[in-house]
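Single-structure report; data block below.
Derivation of every value follows stated rules applied to the coordinates shown; laboratory data play no part. Note that the structure is predicted; figures quoted are calculated from it, not measured. All Cβ positions, glycine included, derive from the backbone under ideal geometry; neighbour counts span all protein chains shown.
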Amino acid sequence: KQEVTQIPAALSVPEGENLVLNCSFTDSAIYNLQWFRQDPGKGLTSLLLIQSSQREQTSGRLNASLDKSSGRSTLYIAASQPGDSATYLCAAPAGGTSYGKLTFGQGTILTVHP
Amino acid sequence: DGGITQSPKYLFRKEGQNVTLSCEQNLNHDAMYWYRQDPGQGLRLIYYSQIVNDFQKGDIAEGYSVSREKKESFPLTVTSAQKNPTAFYLCASSISYRGGLFFGSGTQLSVL
């Protein structure tokens, strides 16, 4: 059974800082890993999808890496802004032949203050 | 604009009542999913469907039912057997098992 853990649970930083959010998973037989953003009371917005054959993906100020052998993924946010404040969730497939069934971490609540 | 539409945004259920949450997608995705989100807990999978007229139970299917009569639609019924239905319900879809998930904006269900 896949288990996903995110560290830290919460993070508060001043604007402009570069920061790293961590995600670990127990079953490394995954075909991809996905990072999401969730604003309060809203649905999830997909940020980055990393296929198992890739080591990283970039979108603007966001960079996500994937190390299957160690069961870890990191989300790097450069030059953080107050608009980045949200909950960040990582999700890995539940394992085996699961068809898109994702196991989610508890999330990291990020606050970027001016 | 392609996307996933969930309705209503807010829903209230009386004791003993069944309620249905709507989920429609125009992304031409094969697979659709229902997740439940409780405060302080991660998302948990209720049901998923890989193809029309077929669906499977997720981790917490008891007290819920679904149908998949059209590719675009995957409604979720919260039955009276679900004793703790208050939660935020999220519908998602994916083009294939290797594709990423795309989510709707959610429905907040509360008990009167």
Checklist line | Cβ-derived FRET efficiency at R0 41 Å, B:Ser67 paired with A:Arg61, nearest 0.05 | finding: 0.50
Notebook entry, point to check: Of B:Lys14/B:Lys70; B:Lys9/B:Lys83; A:Lys42/A:Lys101, which ones are farther than 23 Å apart at the Cα?
Noted result: B:Lys14/B:Lys70
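Shielding of A:45-55 by partners, i.e. mean partner chain Cβ atoms within 10 Å per residue?
Details: counts 3, 5, 1, 1, 4, 1, 3, 1, 0, 0, 0.
For this peptide, the per-residue mean of nearby foreign Cβ atoms is 2.
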Next item on the list: Determine the shielding of peptide B:103-110 by partner chains: average, over its residues, the number of Cβ atoms on other chains within 10 angstrom of each Cβ.
Entry: 3
Item checked: Within straight-line cross-link reach of A:Lys68, lysines at Cα separation under 17 Å, skipping those fewer than 8 residues along the same chain -> A:Lys1
Next item on the list: May I ask you to list the aspartates and glutamates whose Cα is less than 18 Å away from that of B:Lys71, ignoring any residue fewer than eight positions away on the same chain?
Entry: B:Asp1, B:Glu24, B:Asp30, B:Asp54
Margin query: Quick check: the distance between the Cα centres of the range A:48-68 and the range B:1-36, to the nearest angstrom?
Written below: 30
Next item on the list: Determine which residues of the range B:1-36 fall in the zone a paramagnetic label at B:Ala81 would reach in this model, i.e. backbone nitrogen under 15 Å from the point 7 Å along Cα→Cβ.
Entry: B:16-19
Next item on the list: Work out, in µm²/s and without decimals, the Stokes-Einstein translational diffusion coefficient of the protein assembly as shown at 25 °C, 0.890 mPa s, Rh from Kirkwood over C-alpha pairs.
Entry: 136
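Please sort by residue number the trypsin sites (Lys or Arg not before Pro) in the range A:9-114 whose DSSP state is loop and whose Cβ has at most 13 other Cβ atoms within 10 Å.
Working: sites: A:Arg37, A:Lys42, A:Arg55, A:Arg61, A:Lys68, A:Arg72, A:Lys101; in loops: A:Lys42, A:Arg55, A:Arg61, A:Lys68, A:Lys101.
Hits after loop and neighbour filter: A:Arg55, A:Arg61.
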Check: Tell me, how many Å apart are the Cα centres for the range B:81-99 and for the range A:4-24?
Finding: 26
Note to self: For the pair A:Thr26/A:Ala10, report the inter-label distance in nm, with labels modelled 7 Å from Cα in the Cβ direction.
What the structure shows: 2.7
